[in-house]
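Following: one structure in structure tokens, then a few remarks.
The values are calculated or read from the model by the stated rules, or taken from the named source; none is laboratory data. What you are looking at is a predicted structure, and each value in this text was computed from that prediction instead of being measured. Using ideal geometry, Cβ is built from the backbone for each residue, glycine included, and neighbour counts are taken over all protein chains shown.
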Amino acid sequence: MRIDLHTHSLVSDGTDTPAELMRAAAAAGLDVIALTDHDTSAGWAEAAAAAQEVGVRLVPGMELSTKFRGNGHHLLAYHPDPNHPGLSDELARVLGGREGRVPGMVSRLQALGIEITVEDVAREAGATVAMGRPHVADALVRLGVVGHRNDAFALYLGKGRPGHIERYATPLVDMVRLVRAAGGVPVLAHAWGRHGQDSVSAEEIAALAEHGLQGLEVDHQDHSPEQREILRGIAGDLGLVVTGSSDHHGTGKTDHDLGVHTTAPEMLARIDQLAALNREQRA
Ligand code: AMP
Ligand code: FE
Ligand code: FE
Ligand code: ZN
């Protein structure tokens, strides 16, 4: 059984519609796929219908924007109730912060002499709910300023680059609690992938687990083989679920093909069990 628990559609910053993504999952030989768009569940319904048609199981998820010690960290949430008032209010705040910073980033790029407008970004974002830097990057590609999203991040949009602007994200512990309150299973995404091993220590992961964190995404392209083994050990010590996944973004990210990493069936079974328990106990 092949299980990929982290993917994006164009509802956030992937390049496939939710239905196309489900068809791609079937074509890639996956049995189970989680749709985990950034900060939104807006793709679930379309994905569920298409998943049923092609015979793959859809796990409804999201990848939530959080902050921990000044760094952005992503929290995967499986089976949360997206209509839980606490969670949906917070997501509205996060999505507002996403949209609100686009004009500022555009002004910064204009100051560098690049002729880009907010409309250019809006056009790339299309029907996207979770607008972000990837859509600014796509506009830069379309305008011929850079060749690929990756280059846009390296030159302009990555942290510390001249077009970058911070946005609001929920404190990580608060988001863990909100996901649990909404009956979801919180799993820390690519914990050491973006900001390295010091950005969240084993002790801090243990403290997060005390506040309700239930899993670690271990097998991910942004983790080195050594980091994966250390994280697997931490998860084992704490009794956390271990996941592996592609973090597929369609053509928006290279080296993240569907199924490039997968999750063990017994770990998915634990996520399903925890979700059922969390739903019973939820606030
Ligand atoms: P934002 O949520 O607007 O801050 O943008 C962050 C998103 O940009 C992440 O979810 C990634 O999918 C994407 N991203 C981050 N770094 C890169 C990169 N170097 N190349 C391509 N995409 C990236
Ligand atoms: Fe993304
Ligand atoms: Fe992520
Ligand atoms: Zn992701």
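Scanning the stretch 205-224 for residues that are part of a helix (DSSP H, G or I) and under 21 Å from the mean Cα position of the chain (by Cα) turns up ILE205, LEU208, ALA209.
Among what's in the stretch 31-77 and is hydrophobic (A, V, I, L, M, F, W, C) and under 14 Å from VAL129 (Cα atoms), pick the residue that is farthest from ligand 1 (Cβ to nearest atom). Residue satisfying both the conditions and the ranking: TRP44.
Mind counting the residues in the stretch 194-203 that are assigned to a helix (DSSP H, G or I), in contact (Cβ under 8 Å) with a residue 40 or more places away in the chain and of a type outside the set (S, T, N, Q)? Before the answer, list the steps.
Kept after step one, since they are assigned to a helix (DSSP H, G or I), are these residues of the stretch 194-203: 197-199, 202-203.
Within this subset, residues satisfying the condition of being in contact (Cβ under 8 Å) with a residue 40 or more places away in the chain are 199.
If we keep only those that are of a type outside the set (S, T, N, Q) as well, we get none.
Residues flagged as assigned to a helix (DSSP H, G or I), in contact (Cβ under 8 Å) with a residue 40 or more places away in the chain and of a type outside the set (S, T, N, Q) within the stretch 194-203 amount to 0.
Each residue in the stretch 117-136 was checked for being over 12 Å from PRO103 (Cα atoms) and either assigned to a helix (DSSP H, G or I) or of a type in the set (S, T, N, Q) (or both), and 6 pass. Could you check, for the stretch 177-191, whether at least one of its residues is over 30 Å from GLN281 (Cα atoms) and either modelled with pLDDT of 95 or more or not polar (S, T, N, Q) (or both)? No; the residues of the stretch 177-191 include none that is over 30 Å from GLN281 (Cα atoms) and either modelled with pLDDT of 95 or more or not polar (S, T, N, Q) (or both). Restricting the first member to the stretch 60-87 and to residues that are surrounded by fewer than 16 Cβ atoms within 10 Å (Cβ to Cβ), and the second to residues that are hydrophobic (A, V, I, L, M, F, W, C) and modelled with pLDDT of 95 or more, the beta-carbon pairs closer than 8 Å and six or more apart or on different chains are ARG69/VAL200; GLY86/LEU178; GLY86/ALA181; GLY86/ALA182. The residues listed here are ILE271, ILE230; of these, the one that is in a helix (DSSP H, G or I) and crowded, with 20+ Cβ neighbours inside 10 Å is ILE271. Among the residues making up the stretch 140-173, none is buried (at least 17 other Cβ atoms within 10 Å of the Cβ), of a type in the set (S, T, N, Q) and assigned to a helix (DSSP H, G or I).
The residue of the stretch 14-54 that is farthest from ligand 3 (Cβ to nearest atom), among those that are in contact with a Ser or Thr (Cβ under 7 Å, 6 or more places away or on another chain) and of a type in the set (Ser, Thr, Tyr), is THR17.
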